[in-house]
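The values are calculated or read from the model by the stated rules, or taken from the named source; none is laboratory data. Computed from a prediction, not measured in an experiment: that's the story for all the values here. Here the Cβ positions follow ideal geometry from the backbone for every residue, glycine too, while neighbour counts run over all protein chains shown.
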Amino acid sequence: MTDHSSAALQYAQEHHELFLNDLIDFVSIPSVSTDPSAAPAMLRAAQWVASQLLSLGMSQVGIYPTGGHPVVYGEWLEAGPDKPTALIYGHYDVQPAEPLALWHTPPFEPTRRGGNLFGRGASDMKGQVTASLKAVEALVRTGRFPINVKFIVEGEEEIGSPNLGAFIREHKELLTCDFAVNPDTGMIAADVPTITYGLRGLAYFELRMSGPDHDLHSGMFGGAVHNPAQVLCELVAGMHDNQGRVTLPGFYDRVRDLTSEERIDLARLPMDEAFYHKQTGAPALHGEAGYSAMERVGARPTLEVNGLLSEAIRINAEG
């Protein structure tokens, strides 16, 4: 460990309570992006992030308007053009706190209990945003920061980031970087340092199947008319083969294979099949043949069903 790293760690330890109090202030803001009445709180959260960036001596700090909630940006480029630039991503919006009856303490009154801080957004992801800001502070206050850093913190992640794409396209020169860091991930355990270097994306769709124009009795028409619910089940079942592979054409065309080094590293993690049995309560694990549970979760694409509904819809036809 370098002298600068040691000094930064010592600085973080000495300022632990101050950092924690800042996090408590941040989590106290009810920045629920799905709630139109929370617009003032959303702006307060954006202003909190901007004030933190300014306190670090960052330049170009701004609260940029979008078609929805604003994006906060700031940069520190003092390392020079010959050094790499990291773009750190975050979001300041949170999910609604309901059902409130399940909270032991008010969701926007952060409470310390058992070594943890309980409050809406503490772990997703105001905690990570604060940790990133304070890590930069610790390094800046104890020496010369070794690389250039940019921050982009949005307010719409919990609603699918509908305006982030347009913001990135409009400000692509401002956001130019050598690599991006997304701290919106988890850790294996409190005492197991974790670096997540890849995340699966998400593409989703709703599939609707219809048939006869009115409800049919299965006793009178079963076997003569194909039941749309049955067709849907057959279609879903056909999306995987008996080896657990997705059968959709082209599904794996852009999937990167795991290297032997990656498989060795993943096998070192304390997340074997027994771990997944214990975490899920499932009687057996399932998935793509030839890969461990950890590899399936961390490095292979999946096709999952999140809900099925079968109902009769009556249609009145005239003419």
Quiz item: Does at least one position in region 281-291 carry a residue that is of a type outside the set (Val, Ile, Thr), part of a helix (DSSP H, G or I) and surrounded by 10 or more Cβ atoms within 10 Å (Cβ to Cβ)?
Solution: no
Quiz item: Across region 43-65, which residue is surrounded by the most Cβ atoms within 10 Å (Cβ to Cβ) among those that are touching a residue at least 60 places away in the same chain (Cβ under 8 Å) and either among the basic types (Lys, Arg) or touching a strand residue (DSSP E or B) at 6+ places or on another chain (Cβ under 8 Å) (or both)?
Solution: Val49
Practice problem: Confirm whether Asp215 is in contact with a Lys or Arg (Cβ under 7 Å, 6 or more places away or on another chain), assigned to a loop (DSSP other than H, G, I, E, B) and either among the hydroxyl-bearing types (Ser, Thr, Tyr) or at pLDDT below 95 (or both). | Solution: yes
Quiz item: Looking at (1) modelled with pLDDT of 95 or more; (2) assigned to a helix (DSSP H, G or I), which is the one condition that is false for Gln230?
Solution: (1)
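Can you name the residue in region 157-174 that is outside any loop (DSSP other than H, G, I, E, B), touching a residue at least 24 places away in the same chain (Cβ under 8 Å) and aliphatic (A, V, I, L, M) and, of all such residues, is surrounded by the fewest Cβ atoms within 10 Å (Cβ to Cβ)?
Of everything passing the filter in region 157-174, Ala166 is surrounded by the fewest Cβ atoms within 10 Å (Cβ to Cβ).
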Self-check item: Criterion (at pLDDT 95 or above, touching a Lys or Arg at 6+ places or on another chain (Cβ under 7 Å) and among the small types (Gly, Ala, Ser)) met by exactly one of Ala12, Ala45, Ala50, Ala41
Solution: Ala12
Self-check item: Matching residues in region 132-155 - criterion: being of a type in the set (Gly, Ala, Ser) and more than 18 Å from Pro84 (Cα to Cα)
Solution: Ala138, Gly155
Exercise. Can you give me the ranges of the strands (runs of 3 or more DSSP E) entirely in region 30-144 with at least 2 residues that are more than 16 Å from Glu156 (Cα to Cα) and over 22 Å from the mean Cα position of the chain (by Cα)?
Key: 59-64, 71-76, 111-113
